[in-house]
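The values are calculated or read from the model by the stated rules, or taken from the named source; none is laboratory data. All figures in this text were calculated on a predicted structure; none of them were measured in a lab. Note that we place each Cβ from the backbone using ideal geometry, even for glycine, and neighbour counts take in every protein chain shown.
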Amino acid sequence: MCLAAERLHIDDTTVPVLAKTRTITGRLWTYVRDDRPFAGPAPLAAFFRYSRDRSSIHPCTHLDGYSGTFQADDYGGYNGLMKAERTPEPLTRALCWSHGRRPFFQLCDIAGLARKAKPALSVSNGGRPIVISPLAREGLAKIDAIFKAEAAINGRSAEERLAVRQDKIRPLVEELEAWMHATRAELSRHDPVAKAIAYMLKGWPDFTRFLDDGRICLTNNAAERALRGIALGRKAWLFAGSDRGGERAAAMYSLLVTAKLNDVDPHAWLADVLARIASIPQNKLHELLPWNWREQQQALLEAA
């Protein structure tokens, strides 16, 4: 399902795994197909994979044979997906603007800065007040202008999105790039704003990939949303009991998250599928996929 997509969202998160003498940190990887931003016809889907570590071999193995574009952060473990010798071909990466925006936002977040400040340095104790960097605020405003323009074309066709990006959004991106180069030249490389700028400029070709492809999203939020259930689950189930437990968790999350993405109650769907699957011919198993199952349920309701 997901590997048939022309574009995938990729992300991963930690999962504690019980080993013989201690708990190790495994990983759950997610690969999400979500074509809603460009009104694509393919149903939403996600699949998860488990690994004992975050080695680059894992995404390369998970996406073996895949061709297309992937949206992700700048984790170096994805570099193997883009190697020239990769078969059938190198993948194209589009970086997430939410990650690029975050350092600028954090430098403008008074509450967040206050939490990081030591109590002894607070204003009430005679310390200096927390000051928001004007440059961080200026950079954030320029990035937010791009987000605002993108929001207006969410859900429109890839062709329409591309036309708007070329006409209206590219000038905003070029303005941001010029500002970042000029601003960085005036700052110490240790300045927090300079570091935020350096992060974006380092991956600039991948950050701007969306300008030339209407299918690409500005962010990788689709993958991050798919991982939220795991973050919540860690507070309840605490750890996977073994590597096999991690693999089973990945399989279950693939089913549950895909159901949720298609507005299907995962409990009702799984209960029905488990009751019927043994009697379904193999050539009709596709009828149990969440999006097909949902249509069947709607037809039954309308016929009642």
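Residues of region 177-194 that are touching a residue at least 40 places away in the same chain (Cβ under 8 Å) and assigned to a helix (DSSP H, G or I): Trp179, Met180, Thr183, Pro192, Val193.
Whether any residue in region 217-228 is within 18 Å of the chain's Cα centre (by Cα) and loosely packed, with under 15 Cβ neighbours inside 10 Å is what I want to check. Among the residues of region 217-228, at least one is within 18 Å of the chain's Cα centre (by Cα) and loosely packed, with under 15 Cβ neighbours inside 10 Å, which makes the answer yes.
Residue by residue, here is whether (1) of a type in the set (A, V, I, L, M, F, W, C); (2) surrounded by 14 or more Cβ atoms within 10 Å (Cβ to Cβ); (3) farther than 14 Å from Pro43 by Cα holds:
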{"site": "Leu232", "(1), (2), (3)": "yes, no, yes"}
{"site": "Phe239", "(1), (2), (3)": "yes, yes, yes"}
{"site": "Gly246", "(1), (2), (3)": "no, yes, yes"}
{"site": "Asp263", "(1), (2), (3)": "no, no, no"}
{"site": "Ala271", "(1), (2), (3)": "yes, no, yes"}
{"site": "Ala278", "(1), (2), (3)": "yes, no, yes"}
{"site": "Leu300", "(1), (2), (3)": "yes, no, yes"}
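Looking only at region 18-36, decide whether some residue is touching a strand residue (DSSP E or B) at 6+ places or on another chain (Cβ under 8 Å) and either surrounded by fewer than 14 Cβ atoms within 10 Å (Cβ to Cβ) or not assigned by TED's automatic domain parsing to the domain that holds Met82 (or both). The answer is yes, given that some residue of region 18-36 is touching a strand residue (DSSP E or B) at 6+ places or on another chain (Cβ under 8 Å) and either surrounded by fewer than 14 Cβ atoms within 10 Å (Cβ to Cβ) or not assigned by TED's automatic domain parsing to the domain that holds Met82 (or both). The criterion of at least 1 residues that are modelled with pLDDT under 95, of a type in the set (Gly, Ala, Ser) and over 21 Å from Leu201 (Cα atoms) is met, among helices (runs of 4 or more DSSP H) falling completely within region 106-173, by 110-116. Going through (1) part of a loop (DSSP other than H, G, I, E, B); (2) under 26 Å from Leu201 (Cα atoms); (3) in contact with a Gly (Cβ under 9 Å, 6 or more places away or on another chain); (4) without any contact (Cβ under 8 Å) to a residue 60 or more places away in the chain one by one, Pro90 falls short only on (3).
Check whether at least one residue in region 60-70 is touching a residue at least 60 places away in the same chain (Cβ under 8 Å), in a strand (DSSP E or B) and not charged (D, E, K, R), and report yes or no. Yes, region 60-70 contains at least one residue that is touching a residue at least 60 places away in the same chain (Cβ under 8 Å), in a strand (DSSP E or B) and not charged (D, E, K, R). Listed by position, the helices (runs of 4 or more DSSP H) contained in region 195-281 that have at least 1 residues being among the hydroxyl-bearing types (Ser, Thr, Tyr) are 243-261. Please verify whether region 188-203 includes one or more residues that are among the charged types (D, E, K, R), more than 24 Å from Asp73 (Cβ to Cβ) and over 18 Å from the mean Cα position of the chain (by Cα). No, region 188-203 has no match at all.
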